[in-house]
Amino acid sequence: MRKKIVVGNWKMNKTVAEATDLAAAILEKLDDGAVACEVGIAPPFPALTEVGNVIEKSAVGLVAQNCHFEDDGAYTGEVSVNMLASLGCSCVIIGHSERRQYFGETNQTVNLRLKKALDKGMQVIMCVGETLEERESGVTEKVVTEQVREGLKDVSDLGDVVLAYEPVWAIGTGKTATPEQAEEVHASIRSTISDMYGEVAAGQIRVQYGGSVKPSNAAELFAKPNIDGGLIGGASLKADDFVAIVKAAS
Ligand code: PEP
């Protein structure tokens, strides 16, 4: 039985003070005892330390939104896995569609970042998903399969890997994939993992859904057999909504 995982991606939102308040509000509303899924929050880099202090003694994990693939060096504006680990991060999101779309991230750089994070013992959430144009031209499965295969190239152990299927057309747009549309792609991702790593690994890996998940649609999405929780953007910025989504996954 796979444990569901719900992670809030705060993107480039919240000052340090606002982030600290949001983390405290989430903890207050989240009754740890009643939460049966894994929960994480991914504040922007400057707020990691303070948010980490707020959630330190809770079951909520501290997640980073990106990492670089080198240990250190002349990479202005980038952050290494060691730096994130030193702030208490246990998990990092890699290859979010906004990184791919606006910052030139490719399957190859996703693969480099992912391998570096795994080498350092960090859990990784690798995002994949098709654009609207790709869906409309019928190449969703091809694109997503390629992202999974290339992103995981030369990775032998999936123990610390979570995948997130996030159709680009559903991110921040209010358009959610129907549970059936999402389930179809999740099943295809699991079948790709089975081809690459065998049935046992395919049965164990968790595949989150992301794209306009809200309290009103979360339970229906999470009820699908191949959907193992969610990566939540907009709705994770409101404590009530995020906690309602976590409870839907519990
Ligand atoms: C995301 O950024 O990962 C995301 C799914 O955003 P939203 O929930 O706002 O669509």
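The values are calculated or read from the model by the stated rules, or taken from the named source; none is laboratory data. Just so you know, these numbers come straight off a predicted model, no measurement behind them. A quick note on method: Cβ atoms are made from the backbone with ideal geometry, for glycine too, and the neighbour counts reach across all protein chains shown. Each accessible area value is taken on the protein alone, full model and side chains, heavy atoms only, with ligands, DNA and RNA left out. Shrake-Rupley method; radii C 1.70, N 1.55, O 1.52, S 1.80 Å.
One table, with the values for the structure above:
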item	result
Ratio Rg/Rh [Cα only; Rh per Kirkwood] for the chain	0.94
Solvent-free Debye scattering, log10 I(q)/I(0), computed from the Cα coordinates of region 1-145 at q = 0.11, 0.20 Å⁻¹	-0.46, -1.24
MRE, 222 nm, helices only [DSSP H, n ≥ 4, -39500 (n - 2.57), over the chain, to nearest 500]	-12500 deg cm²/dmol
Carbon + sulfur, % of accessible area of region 5-249 - ligands and nucleic acids excluded, 1.4 Å	50 percent
When each of Lys14/Lys142; Lys3/Lys57; Lys142/Lys247; Lys116/Lys238; Lys3/Lys214 is checked by Cα-Cα distance, pairs over 29 Å	Lys14/Lys142; Lys142/Lys247; Lys116/Lys238
Charged-residue dipole, Cβ positions (Lys, Arg, Asp, Glu), region 5-249 about Cα centre, Debye nearest 20	180 debye
Å² of accessible area per residue within the chain, as computed with a 1.4 Å probe and no ligands counted	45 Å²
Alpha carbon convex hull of region 120-250, volume per residue in cubic angstrom	109 Å³
Among Ala19, Ile189, Val162 the positive-end extreme of the charge dipole of the chain (Cβ point charges)	Ala19
Leading residue at positive end of dipole, region 5-249 (Cβ point charges), from Gly210, Thr76, Gly8	Gly8
Mean separation of Cα contacts under 8 Å, 6 or more apart, over the residue count of the chain: relative contact order %	23 percent
